[in-house]
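K.L.:
Structure below; questions to follow.
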Amino acid sequence: MRRRHIGLLVFDGVEELDAIGPWEVLSSWTREHPEDGWDVFCMSVHGGPVVGAKALVPGAHHSTETAPQLDVLIHPGGPGTRPMLDDPEHLEWVRNARRDVPLLASVCTGSLVYAAAGLLTGRRATTHWASLNHLAELDPTVITDVRSRFVDDGDLITSAGVSAGIDMALHLVARLAGPDRAREVRRDIQYDPMPPI
């Protein structure tokens, strides 16, 4: 049976925790439980490192051209998504992914890219609280959820800003491998938010 693949896109200006949060969850799961049949990797357009929004330099395992067949695509957000909203090449890549990839997910302003590509028409979605109006401007038919940490709309999952990507990734584990596995991963990474303020 073919191993299934989760591709996490990284790009210049990616919000670091948008990518690293889900990466921590999903790599902890796939490394500790290879028997579940899933792998996760990072990819960039050119296959090399990128410079994040706060100057962290994440690497990539593949380019978007050489990546294995995806079963899940995760598109993070960050200031690097702003130019993507008017980039016909990137938007076409996203549309092609929609045709080929069974499940798409986004973190933060990654959902704005999905909206600009026409993927959120008439669908429930969310994004970073400061970008909810922008999401509605890009596509007024989007049913914006202003309260949820993430919105699962079947074959498309969007999450709110930054740290919400961790919640979304744990939800992905629950969807793909069951709630017990997701609880196990959550315990392994000691994710139990108790803000001091």
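K.L.:
Scan (1) farther than 28 Å from Val51 by Cβ; (2) not in a loop (DSSP other than H, G, I, E, B) for the single condition Ser131 breaks and write down its number.
P.N.:
(1)
K.L.:
Taking the stated definitions as given, is Ile20 within 21 Å of Met168 (Cβ to Cβ) and in contact with a strand residue (DSSP E or B) (Cβ under 7 Å, 6 or more places away or on another chain)?
P.N.:
On the way: within 21 Å of Met168 (Cβ to Cβ): yes; in contact with a strand residue (DSSP E or B) (Cβ under 7 Å, 6 or more places away or on another chain): no.
Taking the combined requirement at face value, the residue does not satisfy it.
K.L.:
On to the next question. I need the full set of residues from segment 87-118 which are β-branched (Val, Ile, Thr) and touching a Ser or Thr at 6+ places or on another chain (Cβ under 8 Å), in order please.
P.N.:
Within segment 87-118, Val107, Thr109, Val113 qualify.
K.L.:
Moving on to the next point. Take Asn133 and decide whether it is polar (S, T, N, Q) and within 16 Å of Gly7 (Cβ to Cβ).
P.N.:
Values: polar (S, T, N, Q): yes; within 16 Å of Gly7 (Cβ to Cβ): no.
Answer is no for this residue.
K.L.:
All but one of (1) surrounded by 15 or more Cβ atoms within 10 Å (Cβ to Cβ); (2) on the phi > 0 side of the Ramachandran plot hold for Gly118; which doesn't?
P.N.:
(1)
K.L.:
Please pick out the residue among Gly122, Gly118 that is in contact (Cβ under 8 Å) with a residue 12 or more places away in the chain, assigned to a loop (DSSP other than H, G, I, E, B) and closer than 18 Å to Met84 by Cα.
P.N.:
Values: Gly122 fails: closer than 18 Å to Met84 by Cα.
On inspection, the qualifying residue turns out to be Gly118.
K.L.:
For residues that are charged (D, E, K, R), in a loop (DSSP other than H, G, I, E, B) and open to solvent by 40 Å² or more (accessible area, probe 1.4 Å), scanning just segment 138-155, find the one that is farthest from Leu172 (Cα to Cα).
P.N.:
Let us first name the residues in segment 138-155 that are charged (D, E, K, R), namely 139, 145, 147, 149, 152-153, 155.
Those still in the list that are in a loop (DSSP other than H, G, I, E, B) too: 139, 145, 147, 149, 153, 155.
Keeping just the survivors that are open to solvent by 40 Å² or more (accessible area, probe 1.4 Å) gives 147, 149, 153, 155.
Working: Arg147: 19, Arg149: 13, Asp153: 12, Asp155: 11 Å.
The qualifying residue farthest from Leu172 (Cα to Cα) is Arg147.
K.L.:
I'm told Val146 meets every condition in (1) at negative phi; (2) modelled with pLDDT of 95 or more except one. Can you identify the failing condition by its number?
P.N.:
For Val146, the exception is condition (2).
K.L.:
Follow-up. Please return the ranges of helices (runs of 4 or more DSSP H) entirely within segment 10-114 where 1 or more residues are surrounded by 15 or more Cβ atoms within 10 Å (Cβ to Cβ) and of a type in the set (Ser, Thr, Tyr). Don't jump to the end; show me each part of the working.
P.N.:
Values: elements: 16-32, 81-84, 88-100.
Counting at least 1 such residues, we get 16-32, 81-84.
The values are calculated or read from the model by the stated rules, or taken from the named source; none is laboratory data. As the structure is a prediction and not an experimental result, all values here were calculated from the model. Positions of Cβ are generated from backbone atoms using ideal geometry, with glycine treated the same way; all protein chains shown enter the neighbour counts. Just the protein is used for accessible areas: all its heavy atoms, side chains included, with ligands, DNA and RNA removed. Shrake-Rupley method; radii C 1.70, N 1.55, O 1.52, S 1.80 Å.
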